[in-house]
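Here is the structure we will look at, set down as structure tokens.
The values are calculated or read from the model by the stated rules, or taken from the named source; none is laboratory data. Nothing here was measured: the structure is a model prediction, and the numbers come from that model. Heads up, the Cβs are rebuilt from the backbone with ideal geometry, glycines too, and the neighbour counts pull from every protein chain shown.
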């Protein structure tokens, strides 16, 4: 099975900061990766698909990059509504696997 | 509109089974695979498995093999997830999600308690 290692598990940041979250796959997954945002008590929401494609309706401050085994989600200028937990998901092969999550908190 | 509507919260005793439904609307039901994902309190997301609503084929995470059954009813555009031999560790919110997770249900809380 492919393992996904997401880091950091949490971070504190201020409004306006640039934030970077990383996911590393235990083997190559091409660009078969998505990024999801989850707020407390809500279902996750897709932000990025195919590693770098922005979901319709998602602000352009969110971006994804990477291919193979290393992937990054970047928030260029953190906004108050971005404080949430973020997950990556590999869908290259079964079982599909989520990263452990990154909680973005207010500094 | 395009949505997934899940059944309501359940409380079950250890050893029992639970069956959660997810009704799709606003799109062609058989055109998208459907997944089940769960989230224990305060924990991350855990992929449980997938069903092809068109043919009914399934693939389950090893962890749930033998305890989970995913089915579908094309006449009502509904998928089901049944989990048996429930234990306290199965207390979680269970989500259905379409395709590459572009559409999610709102979740169903399953509580396992004696």
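Being touching a strand residue (DSSP E or B) at 6+ places or on another chain (Cβ under 8 Å), surrounded by 12 or more Cβ atoms within 10 Å (Cβ to Cβ) and more than 10 Å from chain A (Cβ to nearest Cβ): is that true of residue B:40 here?
Taking the combined requirement at face value, the residue satisfies it.
Filter region B:65-79 for residues that are away from every other protein chain (no Cβ under 14 Å) and surrounded by fewer than 18 Cβ atoms within 10 Å (Cβ to Cβ); which is nearest to residue B:113 (Cα to Cα)?
Among those that are away from every other protein chain (no Cβ under 14 Å) and surrounded by fewer than 18 Cβ atoms within 10 Å (Cβ to Cβ), it is B:67.
Take residue B:88 and tell me if it is in contact with a strand residue (DSSP E or B) (Cβ under 6 Å, 6 or more places away or on another chain) and touching a residue at least 60 places away in the same chain (Cβ under 8 Å).
Taking the combined requirement at face value, the residue satisfies it.
Go through the residues of region B:54-64 one by one and say whether even a single one is more than 14 Å from chain A (Cβ to nearest Cβ), touching a residue at least 40 places away in the same chain (Cβ under 8 Å) and under 22 Å from residue B:26 (Cα atoms).
Looking for residues that are more than 14 Å from chain A (Cβ to nearest Cβ), touching a residue at least 40 places away in the same chain (Cβ under 8 Å) and under 22 Å from residue B:26 (Cα atoms), one finds none in region B:54-64, hence no.
Any chance you could count how many residues in region A:53-102 are within 14 Å of chain B (Cβ to nearest Cβ), touching a strand residue (DSSP E or B) at 6+ places or on another chain (Cβ under 9 Å) and farther than 26 Å from residue B:59 by Cα? Before you say what the answer is, go through the steps one by one.
The first filter runs over region A:53-102 and keeps only residues within 14 Å of chain B (Cβ to nearest Cβ), leaving A:53-58, A:64, A:84-102.
Narrowing further to those that are touching a strand residue (DSSP E or B) at 6+ places or on another chain (Cβ under 9 Å): A:53-55, A:58, A:64, A:84-92, A:94-102.
With the extra rule that they be farther than 26 Å from residue B:59 by Cα, the set shrinks to A:53-55, A:58, A:64, A:84-85, A:102.
So the count comes out to 8.
Are any residues in region A:1-47 under 11 Å from residue A:101 (Cα atoms) and either part of a loop (DSSP other than H, G, I, E, B) or modelled with pLDDT under 95 (or both), and if so, which ones?
A:8, A:9, listed by residue number.
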